[in-house]
Structure formats: structure tokens, C-alpha cells
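Structure, as C-alpha cells:
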Amino acid sequence: MEPLYQYAWLIPVLPLVGGAIVGTGLITFSQTTNSNRAICAGTIVSLMGASMVLSFALLWSQIQGHEAYTRSIEWATAGNFHLTMGYVVDHLSALMMVIVCTVAFLVMIYTDGYMAHDPGYVRFYTYLSLFGSSMLGLVVSPNLVEVYIFWELVGMCSYLLVGYWYERKAAAEACQKAFVVNRVGDFGLLLGILGLFWATGSFDFVPIGERLQELSASGSISAFLVAFLAILVFLGPVAKSAQVPLHVWLPDAMEGPTPISALIHAATMVAAGVFLVARMYPVFEPISSAMTIIAWTGAVTAFVGATIAPTQMDLKKSMAYSTMSQLGYMVMAMGIGAYSAGLFHLMTHAYFKAMLFLCCGSAIHGMEHVVGHDPALNQDMRLMGGLRKFMPITAITFLIGVLAISGIPPFAGFWSKDEILGAAFAANPALWVVGWLTAALTAFYMFRMYLMAFEGEFKGNDMSVREKLMVAAGIQPEPQPAFGPGAMDVKELDAEGSDPHGHEEHSEFPHESPVSMTLPLIALAIPATVLGFVGMPWSNFFEAFINAPGEVVTVAQTAAEFDKNEFILMAGSSVAIATVGSIVAFMTYLWGKIDPAEMAAKYPTIYKLSLNKWYFDDIYNRVFVQGSRRLARQIMEVDYRVVDGVVNLTGLATLISGEGLKYFENGRAQFYALIVFAAVLILAIVFTVT
């Protein structure tokens, strides 16, 4: 198996080659490249498929017991400083490569149907390929410098993909917001990396942790400084994994095409923060204060995301807050020392959340043919309803995802989330309470989404509802053709009413998406259903495979430590609260026993807090956006009145003095002698007086 490891570098390189070839074609031979879209897409998908096959082979090799493999080359040298670059294949990187490759491969297949009529079809595939390469490079990086390089490349690809429809103002603003917020976290990460190198002289994960412990124990470096450096590094994951308070970019990032929401903002990029915490675990684990901050950051994020989602009407944004909440679970698990539980939930969540986002895209695709292409309409759940009748595959797979994320057994999310809640109860009951309440809210808002979108009666043809939403969104109704004297020919009307991008004309009801879109949904439904069985607490193969650095856990050991009564109590409580949340959703959105408008009027403070997303955006707008503009205006006033004033005054003084002195320059020697005599006389008088 050694040759397999020697060529593991091909896994991130193959998608890079595909993106580079197609991207170069777009730059140099744009028309020809765009006209051969099938060849371009086929090349990129095939290369990602090859990377996927290699990643599965490496994962199987690691499962069979192959030792971790590291290959590096010396990249830069200056005196005693040596910087190496390379790749590492161990249990964690092998697992992450499989997750990234499988989700990316399925999303690329799905993209063929979703973006079929988009004029930037080839450009979109190029961005997808570059992102896949960057993310794969990140997970195989053996040191912090290489991690940071790919970390920024992933951010760049996210910027390009979120702002893919850059001609739309909301998309352009969303990608800028994502870029700026992530720069805040990345600046902290960069400072932390430099600080850790200053303290330890290394960029490698394990040596950094070991040397920090030695320095802290000997008193060479204060415990406060060690914790401070760890928190600086953690700022990177806070931004990338959308943790409070740097979470505000994630919902806006839904302005990108739905395949991007599934790939980047559900399954891979946002999980990069959790992955980095896992990689840096030797640094974080000994620092109790840092671990506490990490745990509570995750818990607060999970709860805040779960309290915002129930009032959102945009299908994708509601799902985005769900992603934020589930990422909070993962970060909380890392903070309480539940290393394998956090990564287990990362894996299960990647598959069922990718499926849920792709289901959202399928529903939106169906709605476009009824209500048009404006996201304010085709993503609004108030115009959906009854989609199960028209889109059965999308509805069934979406329901599977809802059951999985709600923690209903035997679906995958039950096993991973329950393991986190059990670890939280053992570590800190207060954290468990937050996670437990979040589980109830998760079940409520996820079933709310399903019931509003797929059950009941279809409301997309209700013109009164549609016009009301159009007025609220500020959308102008499309002009209706006149049928009378001078009206256009029927063929001209058909041509005028067709979409310039080649979309189908509007229809009365939605229809199921094409096979290229439904096939990935079915494929992702399989791991969403059965993947959790690898982490059953009485036979935990996942924990035996993925465990914290320096720890060795066997399946037999997990079986011996399994407490049946504790499992029944903890699992039963989590399933019970999830059931309560789902029943409340049914009573509200299907059976009509609870009126949401009445509840909003009864508890206006709570409703407005959720509807306005805890006012984070308003606060940031007032403090940072408006505040920076006020500061800029004040600086401009200082520049105009003080700096420019001094310069202008100097010029004016020079002008006046020059104008005045020019009269003393008359060319007569007698006049100059008189001036000298007068000056000497004045000086003599002054010195005599003093």
C-alpha cells in the first residue's frame, strides 16, 4: 500500500488541474470553452471522482491499521529556520478527504441539472473544482503555515462562489460581508500562529502542544499568555464555522447558488473550523480556560441559531441557521473533550445537511417555474406547501434529513448528537441543558420547514399571497401583454415571454427535478440513514478509529464502558424532547391547533428577538458600519481643516511675504545700505535697552 500513500498528493492536485485547465480555457478561448460545456464539466467531475476513489482507498488502508504517513520537502531555509511543506495521511485526514470528495462529487453531478441554463455554467464548475482542491489541501496540511495558505484559498473560493451572481446586489454584498467577517477571524488566527511560533519555534501541531506545556510548567511563559495565544487561534474557527459573534456572514451567504450552500456552507468549508480545532487539540486540551471558552462558544451558538430559525421564512436562510446551530454542537463537543463525538457529528451532519440543502435547491428549482426566478418568492415557504404531491423524491429525502437532524432513531443524527449530549452531561450539566433545549428547537423548526414546504395545499398560485409578498419585498409585477388591436403575433409573445437564459416557461404547478438532481439526493439519503450505526455506543467503531491524539480506544473498550441504563436515560430524554418539538410543529403548521400569529402577538419581545436575529446585524451596522463611516467623516474633517489648513496657511504666508518683500528688491545699492543701517540701529537700541 506504500505507493498509494506516495501518490496521495494527487487527491488535492487533480481537482486543481481540472480547474486550472478549464479556467485557462475561459480566459483564453472563452467562446469555445463555454460552447463545450459538457466536456468541461465531464473533465472536472471525472477528476474529482478519481480523487474520491483514491481517498476511499486511503481510508480503507487506515482502517486496516496502516500507520500515519507524512511526506515533506524543505520549502524555505534561513539560518536555523527551516520551513517544510508536504502532506499527512492519518485517520483524521483520511476521513475528511472522503467527506469532502464524496459531497463535492455528488454536488457536481447535481449542479449539471441545477445550473443547466445558467450562462456561467463552465465558470461555476471551475470555481467548484478550485474550492474542492483548496479544501482537500487544507485537510492534508501537516503544519500551521500550510493550513493558513489553504485556509485563505478556501476563503477566496467562498468569496467567488457566494458572489457568483455578482450582478445581483444582494449577492455582491453577501460575498463582501463574508470576506470581511472572515478576515476578522483570520487575522486572529494569523496572530495566534505567529505567537505560537515565537513561543515554541515550531509550526507543527504536536511539537507546539508539547513545548507549550513544558514552557508553561517551567514558568518560562505565563499561563495567561498561553491561553491568549490559544484563543487567538480559535478566532479562525469562530469565523469560518460561523460561531457567535462572527456568525453573521453565513445566512447572507445563501445568496450563492444552492449547490454552493450544500458544498461549502453545510458540509465542508464551515466544518474546516471544527477540523482545525481537532488538529490543534494537543494545544487546546491542556488549557482548561481555552477549552471552557470553546465549549461555551459552541453552546451559545447552537442555542442562538436554533432560536432564530423558527421565524425565518426564507427556506435556505432557515437552513443556514440550522447549520450554524449544528456547528455549535460540534464546537461544544471539542470544548468538553468529546473529540470523537464532535468529529462523528461533523461526518453525519456533512451528509444529511448537504442532502437537505440540495433538497432546498430542488424545491426552489420547482418553484421557479411557478413564481419566477426572484429568491424573495421562490425561496419563501409561505408560497410553497403541498410540494410532496409534485416532488415526491425531494419530499422523501428532505423528510429523512429532518428525522436525522432532529435526532430521531435510527437515523444518523441521533447517534452523533446523543453522544455529544451525553458527554456534555458528564462534563457540565449546564451545557447539557443548553444542548437539550436546542434539540427541542431543532426538531420544531426542521419539521416546520418540512410541513410548510411539502405538506398542506400549494399556495404558489394564490395571487393574493404572492402579491402581498411582492409588495413586502418591493418587487414590481411583470407587465402583462395587451391582447387587442395592435397586439403582437402569438409567436412574438412566446419569444417575449421566454427566459433569456433558456429556462422553461412558467407553469401552474411545480414538478420533480431531473435525474441529475434527484440521484444525488437518493445517494446522500443512504448515509443520512445508516451512517450512525458505526458509532453506536456499545460498539463504537468510529471512536475506535478516530480518537484524540495520544489516546488509544478499542471497540471492546467502548463496549465495556457502555452503561445501558445511562444510555436509556440520556437517549430517551433527547428523543423525548425532540418528539415534543416535532409535535408542536405539527400542531402549529399542519393541524392548526396553535396559531403562530397569535403566539407572536402574545410574546412580542421573544418573537422580535428571533425575527431580528438577536439584533446582531443591527448592532454591527450601527457600531462598525455606521461608526466607521462617522469616524471616516471626522478624519476627513481633520484632514480638510487641520492638515490642509496648515498647508494652505503656509502657502498663503509664503505668498504674502513674497508679495511684500518684492518691493524691497529694486536694484539700488543706496537703498540696501539704508536697510542694513536701519537694522543695525534697531539691534543696537534693543541691546542697549535690555
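The values are calculated or read from the model by the stated rules, or taken from the named source; none is laboratory data. If you're wondering where the values come from, they're calculated on a predicted model, not measured in any experiment. As a convention, Cβ positions derive from the backbone with ideal geometry for all residues, glycine included, and neighbour counts pool all protein chains shown. These area figures cover heavy atoms from the full protein model, side chains too; ligands, DNA and RNA do not enter into them. Shrake-Rupley method; radii C 1.70, N 1.55, O 1.52, S 1.80 Å.
Taking the stated definitions as given, is MET355 farther than 30 Å from ALA430 by Cα and buried (at least 23 other Cβ atoms within 10 Å of the Cβ)?
yes
Considering only segment 43-98, how many residues are of a type outside the set (S, T, N, Q) and assigned to a helix (DSSP H, G or I)?
Matching residues across segment 43-98 total 22.
Within 22 Å of PHE344 (Cα to Cα) and not charged (D, E, K, R): is that true of PHE105 in this structure?
Judged against the criteria, PHE105 is a match.
Name the residues in segment 665-681 that are in a helix (DSSP H, G or I) and either open to solvent by 100 Å² or more (accessible area, probe 1.4 Å) or small (Gly, Ala, Ser) (or both), would you?
Passing the criteria: ALA669, GLN670, ALA673, LEU674, PHE677, ALA678, ALA679.
Given the criteria surrounded by 22 or more Cβ atoms within 10 Å (Cβ to Cβ), of a type in the set (Gly, Ala, Ser) and either touching a Lys or Arg at 6+ places or on another chain (Cβ under 9 Å) or touching a residue at least 24 places away in the same chain (Cβ under 8 Å) (or both), does ALA376 qualify?
no
Going by the conditions given, is ALA426 of a type outside the set (Asp, Glu), farther than 19 Å from VAL370 by Cα, modelled with pLDDT under 95 and part of a helix (DSSP H, G or I)?
It is true that ALA426 is of a type outside the set (Asp, Glu), farther than 19 Å from VAL370 by Cα, modelled with pLDDT under 95 and part of a helix (DSSP H, G or I).
Can you name the residue in segment 240-285 that is touching a Phe, Trp or Tyr at 6+ places or on another chain (Cβ under 8 Å), part of a helix (DSSP H, G or I) and small (Gly, Ala, Ser) and, of all such residues, is surrounded by the fewest Cβ atoms within 10 Å (Cβ to Cβ)?
Top of the filtered list is ALA278.
Evaluate the following for ALA548: is it open to solvent by less than 40 Å² (accessible area, probe 1.4 Å) and outside any helix (DSSP H, G or I)?
So ALA548 fits the description; yes.
Do we find that THR301 is surrounded by 24 or more Cβ atoms within 10 Å (Cβ to Cβ), without any contact (Cβ under 8 Å) to a residue 60 or more places away in the chain and not small (Gly, Ala, Ser) in this structure?
Yes: the conditions hold for THR301.
What do you reckon, is LEU235 part of a helix (DSSP H, G or I), in contact with an Asp or Glu (Cβ under 9 Å, 6 or more places away or on another chain) and crowded, with 19+ Cβ neighbours inside 10 Å?
Answer is yes for this residue.
Checking the structure you have, find out if any residue of segment 265-281 is closer than 17 Å to GLY163 by Cβ and of a type in the set (S, T, N, Q).
no
Among all residue pairs at least 6 apart or on different chains, which show Cβ distances below 7 Å where the first residue, located in segment 551-566, is part of a helix (DSSP H, G or I) and the second is surrounded by 10 or more Cβ atoms within 10 Å (Cβ to Cβ) and aliphatic (A, V, I, L, M)?
Within 7 Å, the pairs are VAL555/ALA544; THR558/ALA544.
Go through segment 609-662 and give me each residue that's farther than 28 Å from PRO310 by Cα, open to solvent by less than 90 Å² (accessible area, probe 1.4 Å) and β-branched (Val, Ile, Thr).
VAL638, VAL642, VAL643, VAL646, THR650, THR654
Scan segment 479-538 for residues that are part of a helix (DSSP H, G or I), of a type in the set (Gly, Ala, Ser) and at pLDDT 90 or above and jot them down.
Of everything in segment 479-538, those that are part of a helix (DSSP H, G or I), of a type in the set (Gly, Ala, Ser) and at pLDDT 90 or above turn out to be SER516, ALA523, ALA525, ALA528, GLY532.
Run GLU598 past the list (1) among the acidic types (Asp, Glu); (2) surrounded by 11 or more Cβ atoms within 10 Å (Cβ to Cβ); (3) free of Cβ contacts under 8 Å to residues at least 40 places away in the same chain and report the number of the one that doesn't hold.
(2)
How many of the residues in segment 382-399 are buried (at least 23 other Cβ atoms within 10 Å of the Cβ), in a helix (DSSP H, G or I) and touching a residue at least 60 places away in the same chain (Cβ under 8 Å)?
4
Mind checking which residues of segment 306-315 are over 18 Å from SER582 (Cβ atoms) and surrounded by 24 or more Cβ atoms within 10 Å (Cβ to Cβ)?
ILE308, LEU315
Quick one: would you say ILE408 is out of contact with any Leu (no Cβ under 6 Å at 6 or more places or on another chain), assigned to a loop (DSSP other than H, G, I, E, B), more than 17 Å from LEU315 (Cβ to Cβ) and in contact (Cβ under 8 Å) with a residue 24 or more places away in the chain?
Judged against the criteria, ILE408 is a match.
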